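Enquirer: Below you will find the structure I want to go over with you.
Please treat every number below as a calculation from the coordinates, not as lab data. All of these numbers come straight from a predicted model, not from anything done at the bench. Ideal geometry is used to build each Cβ from the backbone, glycine not excepted, and the neighbour counts take in all protein chains shown.
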Amino acid sequence: MIDHRRLGRELDLFASDPLSGAGLPFWLPAGAAARHAVEEYLRELERRAGYQHVHTPPLGRRELFDLSGHLGYFAGDMFPPMRLSADDEFVLRPALCPHHALVYRARGRSYRELPLRVAELGGMYRAERSGVLGGLSRVRAISLNDAHNFCALEQVGAEVAEILGLIGAAHAALGVRIAGYRLSLRGPGEKYVGDEEQWHRAEDLLRAALAGIDHTEAPGEAAFYGPKIDIQVRDAAGREFTLSTIQLDFDKPERFDLSYVDAGGARRRPVMVHRSLVGSMERLFAYLIEEHAGAFPVWYAPVQVVVLPLDDRQGGPAAEFARDCVHAGLRVEVDGAGSLGARIRDAARRRIPYVAVVGPREAAEGRVSLRQRDGRLLDPLPTSAALDLLTAAARPPLG
Ligand SMILES: [Zn+2]
């Protein structure tokens, strides 16, 4: 069976070390290159959709998380606070929402600014027990693709619909196969904040957004502050987990006393929509590695093309073509050692999408021969045409 931990080792994507701790893997250059490409794509997708990106720190004072409700409702999943002095305790954050609420209220807001979409690919922490940790799928340090969309109540329906569209675009680009949509609701015996009316209103809004979409309802899977739409995927072992999520929150705007001035000059409370297009980078890649068996789409493949001179005499033209590829934004390597067959096999083992062979004839004519990951050979192309083909293939599908 495909296991992202085994492929992660074979393809040098990530590693971990008992010395640095369980659930704290590190990304090796190949994995980091793929992740970086995905992060850039997400930032651009969000930028085009009107999101504003911020940076906020992964820890904050205890009082911030008292106010947000996390220490009251979520402390069991958090690392214990760190005391610097008698009146100064810090918390590794379990979510980005409290900081984004502070971003919102950093100045006065007008209805003209809404929906205000605050996005960040930021760090957060969960005190997972060591028994459940494994590879990238369950970690203690998490990098979340996150955003909080502050809207007027009457904007929530359209905003959720738009987010569902963005999630669909991201899934198509990344090659995500979803297992289903889930409306996650309150369950018995758990702690939730907010009053009945808020919960009913939020549930009605999410149900309306899911009208016409096949979905299940899951009592007990809501966030402590509100119901959510979860988009589920399955790993190679058949286990289902949440990749993308949209959550409605009437509670945090109250707690943080968020407001905006409406068209009539009155002060009103916004609704906070928490959303993640693809979840955390760790879980996303645990899934993508298995889903693609390591053969990522060209645009986020760690190495997109490997240049193979037939022998030392083509070393110059091969290096020159590789340099052109680097300048065109491609991730490229040159492999000049060993037989051509062995080098082609090695590129296949590493799931590199393109091999560019430079033999004596290609070198003399200023051409390269491209071979695709599926074994298909293209006729030798002038280097500029090959470069155009590769850069087009490597472009993330932003539409
Ligand atoms: Zn949030």
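Enquirer: With +1 on each Lys and Arg Cβ and -1 on each Asp and Glu Cβ, and nothing else charged, work out how big the dipole of the stretch 4-291 is about its Cα centre, in Debye to the nearest 20.
Expert: Values: 36 positive and 40 negative charges, 76 e Å.
The dipole magnitude comes to about 360 debye.
Enquirer: I'd like the distance between the alpha-carbon centres of the stretch 41-102 and the stretch 336-399, rounded to an integer number of Å.
Expert: Here the two parts' Cα centres lie 45 Å apart.
Enquirer: List the residues of the stretch 331-367 whose backbone N lies under 12 Å from a point placed 7 Å from the Cα of ARG313 along the Cα-to-Cβ direction.
Expert: 359-364
Enquirer: What base-10 log of the normalised intensity I(q)/I(0) is obtained for the chain from the Debye formula, alpha carbons as equal point scatterers, at q = 0.11, 0.14 Å⁻¹?
Expert: -0.86, -1.21
Enquirer: If you take the square roots of the eigenvalues of the alpha-carbon gyration tensor of the stretch 303-393 and sort them as a ≥ b ≥ c, do you get rounded (a/c under 1.5), prolate (a/b over b/c) or oblate? Can you show the working numbers first?
Expert: On the way: a/c = 1.32, a/b = 1.02, b/c = 1.30.
Rounded shape, in that the Cα axes give a/c under 1.5.
Enquirer: Turning to a different aspect of this structure: What share of Cα pairs, in percent, lie more than 24 angstrom apart in the stretch 1-102? Please report the intermediate quantities before stating the final value.
Expert: Details: 2533 of 5151 pairs.
Everything past 24 Å amounts to 49 percent.
Enquirer: Please turn the phi angles of the stretch 102-108 into ³J(HN,Hα) values with the Karplus equation 6.51 cos²θ - 1.76 cosθ + 1.60 (θ = phi - 60°), one per residue in order, whole Hz, x for glycine and proline.
Expert: Per residue, the Karplus-derived 3J(HN,Hα) values read 5, 4, 4, 8, 5, 7, x Hz.
Enquirer: If the only charges are +1 at each Lys and Arg Cβ and -1 at each Asp and Glu Cβ, what is the size of the charge dipole of the stretch 153-249 around the Cα centre, to the nearest 20 debye? Don't skip to the answer; put the middle values down first.
Expert: Details: 9 positive and 16 negative charges, 92 e Å.
Approximately 440 debye in magnitude.
Enquirer: Using alpha-carbon pairs under 8 Å, 6+ residues apart, how would you state the relative contact order of the chain in percent? Could the numbers behind the result be given before it?
Expert: On the way: 745 pairs, mean separation 61.3, N = 399.
Here the relative contact order equals 15 percent.
Enquirer: Only helical DSSP H runs with n ≥ 4 go in: add -39500 (n - 2.57) per run for the chain, normalise by residue count and round the 222 nm mean residue ellipticity to 500 deg cm²/dmol. Intermediate results must be reported in sequence, preceding the final value.
Expert: Numbers: 13 runs with 135 residues, N = 399.
After summing the helix terms and dividing by residue count, I get -10000 deg cm²/dmol.
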